[in-house]
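First comes the structure, then the notes that go with it.
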Amino acid sequence: MPTLTIDGRTVHADHGTFLLAACRKAGIEVPTLCEHPAVEPYGGCRLCVVDVTRPEWDGWSKMVVACLFPVEDGIVVHTRSERVMETRKVVLDLLLARCPETPLIRDLAAAHGIVATSFVTNPEPTDCILCGLCTRVCDTMGMSAISSVDRGAGREIAPPFRAPPPACVGCLACAEICPTGFIKFETGTRKRRIWDKDFDMLRCPRCGRSHITAAQADFFAGRGGVPRSYFEICDHCKRAELAATAMRLAGQPATPARQG
Amino acid sequence: MRIESLEQFGAAVAAAREARSAKGREVWVCCGTGCLANGSKAVADAFGAQIVSGGLATTLGLYHKSTGCHGFCERGPLVVIQPEGLLYTKVGVGDVPEVLEKTVGKGEVIPRLLYKDPATKQAIAKYDDIPFYKHQIRVSMRNIGRVDPANLDDALAHGAYAGLARALSGMTPDQVIAEIEASGLRGRGGAGFATARKWKSCRKAGGDRKFVLCNGDEGDPGAFKDRSIMEGDPHSVLEGMIIGAYAIGAHEGYLYVRDEYPLAVVNLQKALADARQRGLLGANILGSGFDFDLRISRGGGAFVCGESSALMRSIEGRTGEPRAKYVHASDKGLFDLPTNLNNVETWADVGAIIANGGAWFAGWGTKKSKGTKAFSLVGKVKNTGLIELPMGTTLRHIIYDIGGGILKDRPFKAVQTGGPSGGCLPADRLDLPVDYEILADNGSMMGSGGMIVMDDRTCMVDVAKYFLKFLSEESCGKCVPCREGLKQMLCIFEDLCTGRGKAGDIERSERLGRAMQLGSLCELGKSAANPVLSTLRYFRAEYESHIDLKACPAGMCRDLTAYEIVSEPCTGCHQCVKVCPTEAISGKARQKHVIDPAKCISCGACFDVCPEDCIRFIPKKEQEAAHAHADD
């Protein structure tokens, strides 16, 4: 088990993990915007920069991002060195210029002592921080319906050709993982709309709630051989059934499913 | 015919040399991209047709060949007559009969076509006597301009694959690596990592599937050395890669070539096909039992794809974006398998090093930077083109002896080395020997070997802005410091160049630049602030002038500059009137002319053309103040 020192504390990290997990294990908070346990680390927001050194490096240290730096035995980590804090501040200052109205960014910047950006404020404020969580979760789900398009300052998240994405199944993973609520959608009892694409909703045959798009049920039923009927039943009813089965096996009377 | 063994290889080389010497006389027509653009294809075709129709092929044993770039692009189309070694410049189709009749037929030199030394105004007949070539020592470019890139036998006659033959004739992979180590070769792509160390770590990596890659994604503005090598001597790149693969234990490789280099792709494809057919590539190379094959992967022209991890993603068919490199490519590179990536020039050096020995290469250079290095010498210098020199050559020697000095003999101001991520060095650094460490210590870098010379009419703030614009368009946008930082830095610089600069802009640029260096994901972002930081280091006063005085000392920022005609010695020659695009200049013949400030767009065309040097530029503010005063 690699043993490292983070801000003076000795931490035993798990093999094959990244520095960010070790920091959290030690109870040390490192800010992040593009990290999420559901997806592979990305290293785009650069907020989790930390200084890494070794006693034998004679005072030399390197700055790395904690979300992607594999833990190594014997390293000494400083999560709040002067240059680390300075870099984080500039990054937040830049993000605040890009997203001047986004609460998440305003709060995080304020926590670092930045109330107003020192750069030119974006004349067209956006809530998209380009953290890439939406595209990565879409890839992880298996759809890859949206991606980043263009490069540099013109980069944005969009479906192919900015048209309703053919591969989208309306699962909402992108909207739910988005940390700023930038990705908009509407769900009614019959229809859902996201990325300018309309989807028919399925109703749970047990409780009647609209909970999944037909396209999503088709997509997942087509993979792995699980019957479509499995996806048609809503999560609440599936949980209730599981609970009832467990209770029955334990010899307890079943409690009615909670409707919510 | 397929070469099945080292003995057969020796015989094939001997046969190729024999065939070449039997032909006797040669006319080399440069068909590199620069000369092609100047019409060299038609010149080559005319030589071909007229040699045949004139019966010269049989009577004189004369033949012509299309070669790669001689490096002296601004004088193209270039024609070399061998064995005399005569160089003719700017040769047109109409000159062909005369060259064949007089020079080839009667041995007469045609003075009109000779190169004239701009320094001495003397015509120089022999290729090797021209200062531009005389001082060069070519290793990676050893055969460019000499071989027909589409002819493997011609390459063999010039020594191609001799290094490979030596490597496969009993050298172990470790011995090959030791030879590279002895040469002191370091990566020619810019970072300067020791090639042997890179190979060693990839050789040590586990697994039986490994890759060797060639980075042919040269994208720096003004740099074209890799293009010329791939176009002009593709076999040198192939040879290096085969040797490297043998040393590392790889059997597959990719040549990543940017799509904007169509001739490089065509010539490499031909070289791959020919090498495969002759048994130099593919299964059981030269009968040694070693297998290796190569494919070409064409990039889409994104500058960032020259970054190693982005390049690998691009070959994989994914978006060309960099990723963190805490795990080295030698362990997990292309398709997460051990991978070794080297630059075109590095690969081109390898064959010559193995053929001639590491000590031979290490005989040139400085303590830590060995061998020779190719540079693209461009900008305000008399002789622009491609050069190769021993490491440790001074900037002064490069710019004045090879480059012939500054255009119009204007004062030298700075030289930008290392491409967009490099830096600008001022006149007091001209005597620095060029090597990796010295350039880095002085705030610039070796980079890909681009060298842009600037005269006194170059605004350093404007230069930094140019590179910022380039980089902001080429940043992939994945990480915040590079994407947002470049955008904001460019905003600051646009303000500076248009008179909207304010106190604190310099400090803000420095702070942002440092954060970009520390916080960016890849080298593009980490080095993106270098043009800003290096010009601030050496030309801070110029920045201050833009902010405090709203004046551009070089007179290049149009919003800050006005032009006026000084009465003496304006002769009323009218030349300025002719070039003025806005008809802002008026005056009777042989009388002093005047510029109408209301119409003048400060383009400086009149300044450049005035034979009497009587046009001067002044800060626009000064002119406006003078006019306001006159109106009072």
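The values are calculated or read from the model by the stated rules, or taken from the named source; none is laboratory data. Remember, it's a predicted structure, so these values are computed and weren't measured experimentally. FYI the Cβ positions are ideal-geometry reconstructions off the backbone, even for glycines, and counts take in every protein chain you see.
Suppose we filter B:Ala245, B:Ala271, B:Ala223, B:Ala182 for residues that are surrounded by fewer than 21 Cβ atoms within 10 Å (Cβ to Cβ) and either modelled with pLDDT of 95 or more or closer than 27 Å to B:Cys522 by Cα (or both); which single one remains? Before you say what the answer is, go through the steps one by one.
Numbers: B:Ala245 fails: surrounded by fewer than 21 Cβ atoms within 10 Å (Cβ to Cβ); B:Ala271 fails: surrounded by fewer than 21 Cβ atoms within 10 Å (Cβ to Cβ); B:Ala223 fails: surrounded by fewer than 21 Cβ atoms within 10 Å (Cβ to Cβ).
Unique residue meeting the criteria: B:Ala182.
Given the residues A:Lys184, A:Lys238, which is the only one that is surrounded by fewer than 18 Cβ atoms within 10 Å (Cβ to Cβ) and under 30 Å from B:Leu486 (Cβ atoms)?
Working: A:Lys238 fails: under 30 Å from B:Leu486 (Cβ atoms).
A:Lys184 is the lone residue from the list that is surrounded by fewer than 18 Cβ atoms within 10 Å (Cβ to Cβ) and under 30 Å from B:Leu486 (Cβ atoms).
Taking the options B:Gly301, B:Gly320, name whichever one is within 14 Å of chain A (Cβ to nearest Cβ), of a type in the set (Gly, Ala, Ser) and in contact with a Cys (Cβ under 6 Å, 6 or more places away or on another chain). Step through it out loud before you land on a result.
Details: B:Gly301 fails: in contact with a Cys (Cβ under 6 Å, 6 or more places away or on another chain).
Every option except B:Gly320 fails the conditions.
Just checking, how many residues over the stretch B:505-516 are more than 9 Å from chain A (Cβ to nearest Cβ) and either in contact with a helix residue (DSSP H, G or I) (Cβ under 8 Å, 6 or more places away or on another chain) or crowded, with 24+ Cβ neighbours inside 10 Å (or both)? I'd like the intermediate steps shown before the answer.
Applying the first criterion (more than 9 Å from chain A (Cβ to nearest Cβ)) to the stretch B:505-516 yields B:505-507, B:509-510, B:513.
Next cut, either in contact with a helix residue (DSSP H, G or I) (Cβ under 8 Å, 6 or more places away or on another chain) or crowded, with 24+ Cβ neighbours inside 10 Å (or both) only: B:505-506, B:509-510, B:513.
The qualifying residues number 5.
What number of residues within the stretch B:421-466 satisfy the criterion of being within 22 Å of B:Phe193 (Cα to Cα) and either β-branched (Val, Ile, Thr) or part of a helix (DSSP H, G or I) (or both)? Walk me through it before giving the result.
Going through the stretch B:421-466, the residues within 22 Å of B:Phe193 (Cα to Cα) turn out to be B:421-423, B:432-451.
Now narrow it down to the ones that are either β-branched (Val, Ile, Thr) or part of a helix (DSSP H, G or I) (or both): B:421, B:434, B:436-441.
Of the residues in the stretch B:421-466, 8 are within 22 Å of B:Phe193 (Cα to Cα) and either β-branched (Val, Ile, Thr) or part of a helix (DSSP H, G or I) (or both).
Please identify the pairs in which a residue from the stretch B:155-173 that is part of a helix (DSSP H, G or I) has its Cβ atom under 7 Å from the Cβ atom of a residue that is acidic (Asp, Glu), counting only partners at least 6 apart or on another chain.
B:Gly163/B:Glu239; B:Leu164/B:Glu239
With respect to the numbered conditions (1) closer than 26 Å to B:Arg558 by Cα; (2) within 14 Å of chain A (Cβ to nearest Cβ); (3) surrounded by fewer than 22 Cβ atoms within 10 Å (Cβ to Cβ); (4) of a type outside the set (Lys, Arg), which one is the sole condition not fulfilled by B:Ala427?
It fails just one condition, (2).
Can you tell me how many residues in the stretch B:1-43 are outside any helix (DSSP H, G or I), in contact with a strand residue (DSSP E or B) (Cβ under 6 Å, 6 or more places away or on another chain) and modelled with pLDDT under 90?
1
Say we look at the stretch A:26-82 and pick out the residues that are outside any loop (DSSP other than H, G, I, E, B), more than 16 Å from B:Ala515 (Cβ to Cβ) and in contact (Cβ under 8 Å) with a residue 12 or more places away in the chain; which of these is nearest to the other protein chains (Cβ to nearest Cβ)?
A:Pro70
Of all residues in the stretch A:179-235, how many are hydrophobic (A, V, I, L, M, F, W, C) and in a strand (DSSP E or B)?
Just the residues of the stretch A:179-235 that are hydrophobic (A, V, I, L, M, F, W, C), to begin with: A:182-183, A:185, A:194-195, A:199, A:201-202, A:204, A:207, A:212, A:214-215, A:217, A:219-221, A:226, A:231, A:233-234.
Remaining after also requiring in a strand (DSSP E or B): A:185, A:194, A:199, A:201-202, A:212.
Final tally of qualifying residues: 6.
So B:Cys580 passes all but one of these: (1) in contact with a helix residue (DSSP H, G or I) (Cβ under 7 Å, 6 or more places away or on another chain); (2) within 14 Å of chain A (Cβ to nearest Cβ); (3) over 30 Å from A:Gly43 (Cβ atoms); (4) of a type outside the set (A, V, I, L, M). Which condition number does it fail?
(2)
In the stretch A:83-138, how many residues are away from chain B (no Cβ under 12 Å), crowded, with 20+ Cβ neighbours inside 10 Å and of a type in the set (Gly, Ala, Ser)?
Residues in the stretch A:83-138 being away from chain B (no Cβ under 12 Å), crowded, with 20+ Cβ neighbours inside 10 Å and of a type in the set (Gly, Ala, Ser): 1 in total.
Scan the stretch B:456-473 for residues that are acidic (Asp, Glu), farther than 13 Å from B:Gly555 by Cα and modelled with pLDDT of 95 or more and jot them down.
First, pick out the residues of the stretch B:456-473 that are acidic (Asp, Glu): B:456, B:462, B:473.
Now narrow it down to the ones that are farther than 13 Å from B:Gly555 by Cα: B:473.
Selection gives nothing.
Return the residues of the stretch B:397-420 that are part of a helix (DSSP H, G or I) and free of Cβ contacts under 8 Å to residues at least 60 places away in the same chain; say none if nothing qualifies.
The first filter runs over the stretch B:397-420 and keeps only residues part of a helix (DSSP H, G or I), leaving B:397-402, B:407-409, B:419-420.
Passing the criteria: B:Ile398, B:Ile399, B:Tyr400, B:Leu407, B:Lys408, B:Asp409.
Mind checking which residues of the stretch A:126-147 are modelled with pLDDT under 95 and within 16 Å of A:Arg98 (Cβ to Cβ)?
none
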